[in-house]
Amino acid sequence: MKKAGIAAILILCMAAVFVLTFQAMDYGEKDSKEGTDKVMLTVLAGQSTSDAGVEDMIDEMIAEKFPAVALEWECVDWGEKFDSQMQGRLAAGDVPDIIVGKAQDVYAYARSGNLAEVRAEGMERIEERIRDAVTIDGKVYGIPYNAWYQGVVYNKDIFDKLQLQVPDTLEEMERTVNILEENGVVPFAAHFQEGWKIGNMTMQFMLNNVFRGESNWGSRFREGEISFSNDPRMRECIEQNKYILNHTWDDALVIEQYESDRRFAGGEAAMYLTGSWSLQAMGQYDTSTQYGFFPFPNETGDASLIKETNMTFMMSNTSGHQDIINDIFTELLQNEKLMQEILGFTSTYPVVDDMTITYKSPVEADIKKYEDENRIIDAAIGNNQLIWKFQNDLAEEIFKWLNEENSMEQVLEYADEHREESGN
């Protein structure tokens with residue numbers, strides 16, 4: 001009996017070793033050493049301005065933690081090409097294993113049945129409000145990874161020299177602009193060549209003037225109850241783009257972000273309606289300038305900084321490697337060294353409750369001030385009402401108006417005529 005028992009134990013041990021070896025062959029270190037073909041995962045990454053290069057950091061982590069896995073990246077501009085590329089891949093049945101977009105993309109692709117539920121460990125670390133944005137019917141379909149803030153970055157040195165205070169109302173902003181111009185200073189850094197920039201600025205205006213108080217404006221718009229044409233606030237939000245254009249460089253319609261960032265970093269303008277992504281570029285030019293951050297003012301003087309989740313990892317419902325992908329997502333959530341590296345590189349902020357940034361942000365104190373005052377608004381409040389494709393298409397019409405190729409009435413009519421395309 002004793003020998004039989006030992007034999008049985010040996011058989012069980014051998015079976016366990018076989019199972020472990022088989023699992024290792026799936027994507028572990030043994031696979032790499034034996035030269036077995038790697039598991040190739042395709043990735044479609046919609047990248048924002050600050051994101052290019054993040055894929056190299058993730059590849060380094062994969063090489064260390066998952067040596068038998070390789071990622072095949074396709075990186076496209078999120079604002080201009082991501083949605084069309086994704087739609088083309090879906091139509092062709094060539095859905096990437098991993099999709100990197102924004103939190104707002106989760107709703108669209110999960111509802112259409114193209115995303116698999118994420119079962120990564122560590123999701124409880126993500127701020128509840130942000131986690132809710134990627135949760136549908138109690139199931140999580142995305143991993144929010146970092147966030148940035150949007151508002152007005154300003155040159156503190158210029159403000160201090162002219163004894164200017166941060167404006168809270170539109171009237172105070174006009175006075176600030178007048179003083180700057182009287183002293184030969186260009187008030188705003190701006191670039192209008194990229195459609196996403198116009199779309200982003202317009203949504204900043206809409207968030208603090210319309211959507212913060214009306215969570216159902218978008219649905220009422222699609223139902224025909226209200227419109228851009230008969231809501232004067234929407235006209236005013238669009239007209240704010242002209243205000244920026246009237247108080248920036250003469251060539252703002254033809255320059256791109258790179259040039260605008262360079263000039264602002266060189267002190268050629270006092271304010272920049274942008275996001276914390278621009279701080280990444282500014283740091284490459286001059287680290288001696290002191291910057292501050294405030295929300296673009298609204299009529300009531302209580303505008304909020306805008307917080308938007310940036311990179312969000314999703315998984316295809318048709319991928320044959322969902323277990324591996326969930327393990328990779330778990331590592332992304334739990335590898336704090338990698339997370340801090342990506343946060344510092346992209347000049348973004350954590351979305352997990354138990355982490356603070358280790359890199360030096362020139363506007364961190366201002367962000368904390370507005371957080372303490374409860375003056376932070378989530379970009380999803382607007383982006384869930386008017387989807388990005390609608391915003392981007394509308395931005396093209398706004399550009400034509402800024403370039404005097406059409407009228408404001410035509411811009412408003414365009415929005416109303418395409419109301420059905422404004423939601424998921």
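If we keep just the residues of the stretch 377-424 that are over 26 Å from the mean Cα position of the chain (by Cα) and polar (S, T, N, Q), which is nearest to Tyr243 (Cα to Cα)?
Of everything passing the filter in the stretch 377-424, Asn403 is nearest to Tyr243 (Cα to Cα).
Just checking, does the stretch 118-128 include any residue being within 21 Å of the chain's Cα centre (by Cα) and more than 29 Å from Asp354 (Cβ to Cβ)?
no
Looking at the stretch 366-383, can you tell me whether even one residue there is basic (Lys, Arg), surrounded by fewer than 18 Cβ atoms within 10 Å (Cβ to Cβ), touching a residue at least 12 places away in the same chain (Cβ under 8 Å) and assigned by TED's automatic domain parsing to the domain that holds Tyr243? Reasoning before the result, please.
Filtering the stretch 366-383 for residues basic (Lys, Arg) gives 368-369, 375.
If we keep only those that are surrounded by fewer than 18 Cβ atoms within 10 Å (Cβ to Cβ) as well, we get 368-369, 375.
After this cut, where a residue has to be touching a residue at least 12 places away in the same chain (Cβ under 8 Å) as well, the list is 375.
From the residues that got through so far, the ones that are assigned by TED's automatic domain parsing to the domain that holds Tyr243 too are 375.
Checked against the condition, which is being basic (Lys, Arg), surrounded by fewer than 18 Cβ atoms within 10 Å (Cβ to Cβ), touching a residue at least 12 places away in the same chain (Cβ under 8 Å) and assigned by TED's automatic domain parsing to the domain that holds Tyr243, the stretch 366-383 yields at least one hit.
Rundown of residues vs (1) assigned to a loop (DSSP other than H, G, I, E, B); (2) modelled with pLDDT of 95 or more; (3) not β-branched (Val, Ile, Thr), yes/no style:
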| position | (1), (2), (3) |
| --- | --- |
| Thr300 | yes, no, no |
| Lys307 | no, no, yes |
| Met315 | no, yes, yes |
| Ser319 | yes, yes, yes |
| Thr330 | no, yes, no |
| Lys337 | no, yes, yes |
| Phe345 | no, no, yes |
| Thr356 | yes, no, no |
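Please work out if Lys360 is assigned to a helix (DSSP H, G or I) and surrounded by fewer than 21 Cβ atoms within 10 Å (Cβ to Cβ).
No.
Can you spot a residue in the stretch 222-235 that is in a helix (DSSP H, G or I) and without any contact (Cβ under 8 Å) to a residue 60 or more places away in the chain?
Yes - at least one qualifying residue is present in the stretch 222-235.
Give the residue that is surrounded by the fewest Cβ atoms within 10 Å (Cβ to Cβ), with candidates limited to residues of the stretch 384-398 that are of a type in the set (A, V, I, L, M, F, W, C) and in a loop (DSSP other than H, G, I, E, B).
So in the stretch 384-398, the residues of a type in the set (A, V, I, L, M, F, W, C) come out as 386-388, 390, 394-395, 398.
When the remaining residues are screened for being in a loop (DSSP other than H, G, I, E, B), the result is 386-387.
Values: Leu386: 24, Ile387: 19.
Restricting to residues being of a type in the set (A, V, I, L, M, F, W, C) and in a loop (DSSP other than H, G, I, E, B), the top hit is Ile387.
Taking the stretch 175-194 as the search range and keeping residues that are closer than 20 Å to Pro297 by Cα and without any contact (Cβ under 8 Å) to a residue 12 or more places away in the chain, which one is surrounded by the fewest Cβ atoms within 10 Å (Cβ to Cβ)?
Asn178
Regarding the stretch 249-271, can at least one residue be identified that is closer than 18 Å to Glu174 by Cβ, of a type in the set (A, V, I, L, M), part of a loop (DSSP other than H, G, I, E, B) and at pLDDT 95 or above?
Yes - at least one qualifying residue is present in the stretch 249-271.
Filter the stretch 246-256 for residues that are of a type outside the set (Val, Ile, Thr) and crowded, with 18+ Cβ neighbours inside 10 Å; which is nearest to Val152 (Cα to Cα)?
First, pick out the residues of the stretch 246-256 that are of a type outside the set (Val, Ile, Thr): 246-247, 249-253, 256.
With the extra rule that they be crowded, with 18+ Cβ neighbours inside 10 Å, the set shrinks to 247, 249, 252.
Values: His247: 14, Trp249: 17, Ala252: 17 Å.
Checking each candidate, the answer is His247.
Among the residues of the stretch 112-163, what is the count of those that are hydrophobic (A, V, I, L, M, F, W, C) and either free of Cβ contacts under 8 Å to residues at least 60 places away in the same chain or on the phi > 0 side of the Ramachandran plot (or both)?
Residues that pass the stated criteria total 3.
Could you pull out every one of the helices (runs of 4 or more DSSP H) wholly within the stretch 36-138 that has 3 or more residues that are closer than 20 Å to Phe345 by Cα and of a type in the set (A, V, I, L, M, F, W, C)? Spell out how you get there, then give the answer.
Values: elements: 54-65, 83-91, 103-111, 128-132.
Those helices (runs of 4 or more DSSP H) span 54-65.
The values are calculated or read from the model by the stated rules, or taken from the named source; none is laboratory data. Computed from a predicted model, the values in this text were never measured in an experiment. Using ideal geometry, Cβ is built from the backbone for each residue, glycine included, and neighbour counts are taken over all protein chains shown.
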